[in-house]
1. Name the lysines eligible as straight-distance cross-link partners of K2: C-alpha to C-alpha under 27 Å, and not fewer than 8 places from it in the same chain.
2. If you rank S228, S169 by how much accessible surface each has, with a 1.4 Å probe, what is the order from largest down?
3. How much of the accessible area of the chain, probe 1.4 Å, is carbon plus sulfur, in whole percent?
4. Leaving out ligands, DNA and RNA but keeping every protein chain, what accessible area does M145 have, in Å² rounded to the nearest 10, with a 1.4 Å probe?
5. Which loop-located GluC sites (Glu not before Pro) does the range 181-278 contain, where loop means any DSSP state but H, G, I, E or B and the Cβ has at most 16 other Cβ atoms within 10 Å?
6. Please sort through the DSSP H helices of the chain and keep those with an alpha-carbon extent of at least 20 Å along the long axis and a Kyte-Doolittle average not below -1.0.
7. Grab the DSSP H runs of the chain that are 4 residues or longer, score each as -39,500 (n - 2.57), total them, divide by all residues and round the 222 nm result to the nearest 500 deg cm²/dmol.
8. Tell me which trypsin sites (Lys or Arg not before Pro) from the range 1-36 have a DSSP coil assignment and no more than 12 other beta carbons within 10 Å of their own.
Amino acid sequence: MKLGISYTPKHSTPDEWAAVLADLGCRAAVCPIDGSADDDTIDAYREAAARHNIMIAEVGVWNSPIADDDAVREKARKFAKSQLRLADRIGAACCVNVAGSTGPNWSFGCKKDRTKEGWDRIVESVQDIIDSVNPQNTFYTIECMPIVPPTSPDEYLKMLRDVDREHFSVHLDCFNMFFTPDRYFWSEDFFHECFEKLGPQVKSIHAKSVRLTEELTFCIREVPIMESGVNFDAFLTEVGKLDPEMPVIIEHRNSLEEYKDALQYVRERAAALNVPIL
């Protein structure tokens, strides 16, 4: 795997950005600019990443292209298309968004999102974004989520079939899908299912972890990787079966020091499992 962090260090030049990440031992990164950047700036970051042997794993969107509110929906789609164009030019492995929500919270979801109307709107939005940009060098992807689709490997496979676009593929975050007791207590089986079904189409992966709390009724909290309540070794083992160039991005830490701790832990566990990190 190519290990990276969801962290953009303070920097004054593209080369400085890439050098800081390289010094941390990162071989993958999230894109540090957005689609408003001019072509020369985009090219400069692409070239800096290449000089320091860093793969730009993903360009993020993080909005709701299916919102009921017309203005919110159109603004979200315009930005998603801009980010996909950026990903295509900068050579990112993928451009990633969530499916969004018809309701007011783009990342949370509501009942309508789980209906046929909500599903059809997700499919249409992905088709519209891809068809408008016609990417050649990257893929548009949807991050798995606990409420809005896709919430399971099978739901992701259905989405791939229904969208039916060559440049629509998979961004895998297994940890967002731990919302049942069986998935949690038999996490190694769930990790295997995710990678067995989706592995051939995965373009980028998020690494973090979760733990079941004693709160009622059933409450899963995101925690540092080192405090995982699920079988993180099983996750790493599954990653190790994929293309060795696969980017794996550690996310949601609060400081650079926390990211360093997580990087060290992942490297130690990978070494113990004979999972190569490039």
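1. Straight-line reach from K2, under 27 Å: K10, K81, K197, K203, K208, K241, K260.
2. From most exposed to least exposed: S228, S169.
3. Here it works out to 49 percent.
4. 30
5. E214, E215, E245
6. Taking the DSSP H segments of the chain (at least 20 Å long, mean hydropathy at least -1.0), we get 70-90, 116-133, 256-272.
7. -13000 deg cm²/dmol
8. K10
The values are calculated or read from the model by the stated rules, or taken from the named source; none is laboratory data. Keep in mind that what you see is a predicted model, and the values were worked out from it rather than measured. All Cβ positions, even for glycine, are placed from backbone atoms using ideal geometry, and neighbour counts span all protein chains on display. The area values use the complete protein model at the heavy-atom level, side chains included, leaving out ligands, DNA and RNA. Shrake-Rupley method; radii C 1.70, N 1.55, O 1.52, S 1.80 Å.
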